[in-house]
Amino acid sequence: MRQPDDPRCYPEPVVTRLLFPILAILSMALVIPVATAKDRKAKNVILFLGDAGGIPTLHAASIHGYGAPGKLFLHQIPNIGLSETSPVGAWVTDSAAGMTAIVTGQKTRNNVVSQSADAVPGKSDGAPLKTILEYAEEHGLSTGVISNTSMADATPAACYAHANHRRKFAEIVAQIAKPRFGDGVDLVIGGGRKGILDATKEAGHDFAGALTAKGYTLYDRPEQVPASNARRIVALFDAPYDPQPVVEKAIQILSRNPKGFFLMVEWDMHTDKLQRGLDQAVAMDKLVRKTAESINQKDTLLLFTADHSFDLRTLGGKPGEPVIPAADADPARVPVRVGTLHTGEEVLIAALGPGSERVKGYMPNTKIFHILMQSYGWKPNPSTP
Ligand SMILES: [Zn+2]
């Protein structure tokens, strides 16, 4: 081991002394164009959230979908980083605390939806944390949330609502019509129709009436969502749907605002049901690819990340063999083993467009919020009520 007085630490070779100024000048020349790229603002942000879409899931999805690792579109995006996802008071996050960190820049407790960490889940409120969607509303942008799970669930809810527990579905969806900034989220499109209608009915809320009074048109099938002559939509479904046409129409609607938009698209890829989870991961990857091809990457930041990883491990297998084990497979010899739990290791962040160069290295999940804010050119003012 070298000691501080070890002479080998000291002598500076002539080459180094000469190289240093040359490298300094070279790096200054290189820094200037990078700084200019960083100053490029995003007019629009599309945040893709792969729920439980950790790196092990993306790896297995690539083999499942394309027969080899590294074949997803997400694997081709040059600007990537790793997001540390732990919440306050635990190492492993749920979707509520995970998404809260991503959209507010502050970590909170599991089960808490965009409230500060002094919330007691299910018992008492913390302070509402201002979300990137609320900043976008405040700045006059159009906003939307899309998901293949319930629109009252933690991930979409953390964008537009604040609650001390993710299970307070009626309280959460009531906040669509009671925004704190702007005129509130403009597009809410996704699953959970029956659950949301049942929860609001039980709570005595006139969900449809409150939304209609605020200028929303309600739909119950994906194909009803219009691309034109619409601005404010709440579309809730129960059956699974193809995200591609829905996301395309949402981007058309949101793009009509000359100030820009914020859109969050969540795709659930929990692999506790392996086939379903990997199919969803491949579907979301295709969605990200098609969206990246269709948008103007000069003015739109597209960022993919996951709220947390999942207990999936590739333990074996080889080219030409499916990763989904046959029903009668020997459990000791399956290529992919899945558990039922979220896991705590870092997840991928991958980004394209203005601001995407800030996505590099390890970072806490809270930094994603700041990357989005900086890309829009906004400074956080969380004290605004
Ligand atoms: Zn999740």
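All of the numbers you see were taken from the coordinates with simple rules; none came from a lab. Keep in mind it's a predicted model, so treat the numbers as computed, not measured. Positions of Cβ are backbone-derived with ideal geometry, glycine not excepted, and every protein chain shown enters the neighbour counts.
Round to a whole angstrom and tell me the spacing of the C-alpha centers of the range 148-197 and the range 49-67. So the separation of the two Cα centres works out to 27 Å. Output the 0 to 90 degree angle, nearest 10, between the alpha-carbon long axis of helix 274-294 and the longest principal axis computed from the alpha carbons of the chain. So the inclination is approximately 80 degrees.
Positive-end ranking of HIS64, TYR219, GLY105 along the dipole of the range 43-376, with charges on Cβ about the Cα centre, is headed by GLY105. Note on the range 43-376: with charges restricted to the Cβ of Lys and Arg (+1) and Asp and Glu (-1), its dipole about the Cα centre is near 480 debye.
Sparsely packed loop sites in the range 186-272 (the trypsin sites (Lys or Arg not before Pro) outside DSSP H, G, I, E and B with at most 11 other Cβ atoms within 10 Å) comprise ARG256, LYS259.
For the range 188-223, list residues with backbone N below 18 Å from a point placed 7 Å from the Cα of ASP125 toward its Cβ? So the set is 205. Taking the C-alpha atoms only, the angle from helix 55-66 to the longest principal axis of the chain is near 80 degrees. Sorting SER228, SER116, SER150 by the number of Cβ atoms found within 10 Å of their own Cβ, with the fewest placed first, yields SER228, SER116, SER150.
For MET284, MET363, which order do you get if you count the other beta carbons within 10 Å of each Cβ and list the fewest first? Display every interim value, and only then the final one.
Details: MET284 28, MET363 18.
Final ranking by Cβ density, sparse to dense: MET363, MET284.
For PHE48, nonlocal amide neighbours, meaning residues 5 or more places apart or on other chains whose placed amide H falls under 5 Å from its own, are VAL265, LEU303, PHE304, THR305.
When +1 charges are put on Lys and Arg Cβ atoms and -1 charges on Asp and Glu Cβ atoms, the dipole computed for the range 275-385 relative to its Cα centre reaches about 320 debye.
Amide H contacts for THR343 (H built 1.01 Å from N in the peptide plane; partners 5 or more residues away or on another chain; cut-off under 5 Å): SER309, PHE310, ASP311. Seen against the Cα atoms of the chain and their longest principal axis, helix 14-39 is set at about 20 degrees. Convex hull volume of the Cα atoms of the chain, normalised per residue: 195 Å³. Here the label points at HIS205 and ALA68, each 7 Å from Cα along the C-beta direction, are separated by 5.0 nm in the simple model.
Separation of the range 206-285 from the range 73-126 is 23 Å, based on Cα centroids.
Which links in LYS259/LYS298; LYS273/LYS318; LYS178/LYS214; LYS43/LYS360; LYS178/LYS379 stretch past 18 Å when you go from one Cα to the other? Violating the 18 Å Cα-Cα cut-off are LYS273/LYS318; LYS43/LYS360; LYS178/LYS379. The ranking of HIS308, HIS139 by Cβ neighbour count inside 10 Å, starting from the fewest, reads HIS139, HIS308. Across the range 198-213, computed HN-Hα scalar couplings (Karplus, 6.51 cos²θ - 1.76 cosθ + 1.60, θ = phi - 60°) run 5, 5, 6, 5, 4, 7, x, 8, 8, 4, 5, x, 5, 6, 4, 4 Hz from first to last residue, x flagging Gly and Pro. The gain in end-to-end length when the GLU138 to ALA326 segment is fully stretched comes to 62.5 nm, 0.36 nm per residue minus the alpha carbon separation.
When the Cα positions of PHE73, THR300, LEU263 are compared along the charge dipole of the chain, THR300 comes out farthest toward the positive end, with charges on each C-beta of Lys, Arg, Asp and Glu. In plain terms, the chain from LYS259 to ASP299 could stretch by 13.3 nm, reckoned as 0.36 nm per residue minus the Cα-Cα distance.
Pull out a ≥ b ≥ c, the square roots of the eigenvalues of the alpha-carbon gyration tensor of the range 109-255, then state rounded if a/c is under 1.5, prolate if not and a/b is larger than b/c, and oblate in the remaining case.
Prolate is the answer for the range 109-255, as a/c is 1.5 or above and a/b outweighs b/c.
Out of the trypsin sites (Lys or Arg not before Pro) in the range 88-172, which ones are loop residues according to DSSP with at most 10 other C-beta atoms within 10 Å? Passing both the DSSP loop test and the Cβ count: LYS123.
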